[in-house]
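Down below is the structure, laid out as structure tokens.
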Number of protein chains: 2
Amino acid sequence: MTTTTMAAPKGLPLTVLSACCQPASAPSAPRADESAQTLAALFKALADPARVTIMAMLLNAEEVCACDISEGIGKSAATASHHLKILKDSGLVASEKRGTWVYYRAVPERVAAIADALASPQRTPRPKSRKERSES
Amino acid sequence: MTTTTMAAPKGLPLTVLSACCQPASAPSAPRADESAQTLAALFKALADPARVTIMAMLLNAEEVCACDISEGIGKSAATASHHLKILKDSGLVASEKRGTWVYYRAVPERVAAIADALASPQRTPRPKSRKERSES
DNA sequence: GCGGGGTTTCGACGTTCATCGAAGCATAAC
DNA sequence: GTTATGCTTCGATGAACGTCGAAACCCCGC
């Protein structure tokens with residue numbers, strides 16, 4: 001169930017894909033911008049090979065110990081912790097501390113949310129370009 | 001020509017989601033890393049609100065004039081061109097010059113490729129963590 | 001040819017990012 | 001309490017990024 005897609009038909013950043021370039025009820029309220037920023041933040045969280053590798057590990061295995069992640073990406077423990085914090089802050093992974101070890105798990109709903117935002121072009125009739133506007 | 005995705009059923013970076021943490025036939029050849037880098041590069045191309053907005057415009061309308069994109073993201077023409085170049089280099093958009101104007105179009109296959117990479121967890125039995133290895 | 005407008009490239013600036021070593025925290029075993 | 005181990009935070013450094021103005025490029029109409 002992909003988070004989303006339940007109360008609101010497509011209630012997440014996806015809206016940016018259709019809410020762009022609209023009347024904008026409130027004059028100075030950048031609404032679509034907000035969604036774009038939210039979505040861009042999610043992409044930024046994945047915009048590093050180390051973090052992609054981490055997500056791959058977490059999506060393949062149900063749970064991964066932090067110690068394995070460090071050697072899985074071939075970087076120092078400090079760097080691994082840094083990347084994990086970024087993924088955690090973006091909600092893409094969750095962590096649980098059991099004794100000395102910390103286990104990380106992917107949050108599939110969040111991952112699916114990104115995939116959903118990328119799907120379904122849903123073309124609109126056609127905005128009419130500036131060129132056309134100036135030609136008429 | 002979209003480069004990619006056509007002959008192979010899922011012939012793209014998705015492999016990173018299953019190719020990670022494997023025997024690695026060649027000792028010092030980071031193979032999964034390559035896929036991770038490819039995928040991360042795609043995410044990085046989308047890791048900016050301006051570029052997300054551009055993709056939204058291009059996915060909604062079939063074709064958008066460059067001049068509209070500049071004002072669509074509220075940045076200078078130079079900045080818009082910079083972002084468009086990044087998207088073009090990553091294969092997410094294509095451009096066509098007709099007379100004085102340049103029209104940009106999204107490359108749906110490439111966008112879908114990212115969505116595909118995010119889908120299908122395909123769990124493997126379980127890698128066995130370092131903790132377990134050290135405990136046995 | 002010349003002038004003008006759309007687009008891209010160049011150069012520069014300030015900001016953000018990835019990375020590591022070292023130090024700090026927390027938990028478990030003794 | 002002390003020691004050892006796993007993880008995170010801190011501080012610093014070099015690289016990459018986003019942004020813009022100015023210059024260059026390209027195509028059209030005259």
Problem set entry | Whichever residue in the range B:55-93 is in contact (Cβ under 8 Å) with a residue 40 or more places away in the chain and part of a helix (DSSP H, G or I) and, among such residues, is farthest from DNA strand C (Cβ to nearest atom) | B:Leu59
Problem set entry | Yes/no for A:Arg105 being under 20 Å from A:Ala41 (Cβ atoms), touching a residue at least 40 places away in the same chain (Cβ under 8 Å), within 12 Å of chain B (Cβ to nearest Cβ) and more than 11 Å from DNA strand C (Cβ to nearest atom) | no
Problem set entry | All positions within the range A:47-78 that are within 22 Å of B:Leu42 (Cβ to Cβ) and either in contact with a Gly (Cβ under 8 Å, 6 or more places away or on another chain) or more than 11 Å from chain B (Cβ to nearest Cβ) (or both) | A:Thr53, A:Ile54, A:Met57, A:Lys75
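Any read-out appearing in this document is the output of simple, stated calculations on the displayed coordinates, not a laboratory observation. Keep in mind it's a predicted model, so treat the numbers as computed, not measured. All Cβ positions, glycine included, derive from the backbone under ideal geometry; neighbour counts span all protein chains shown.
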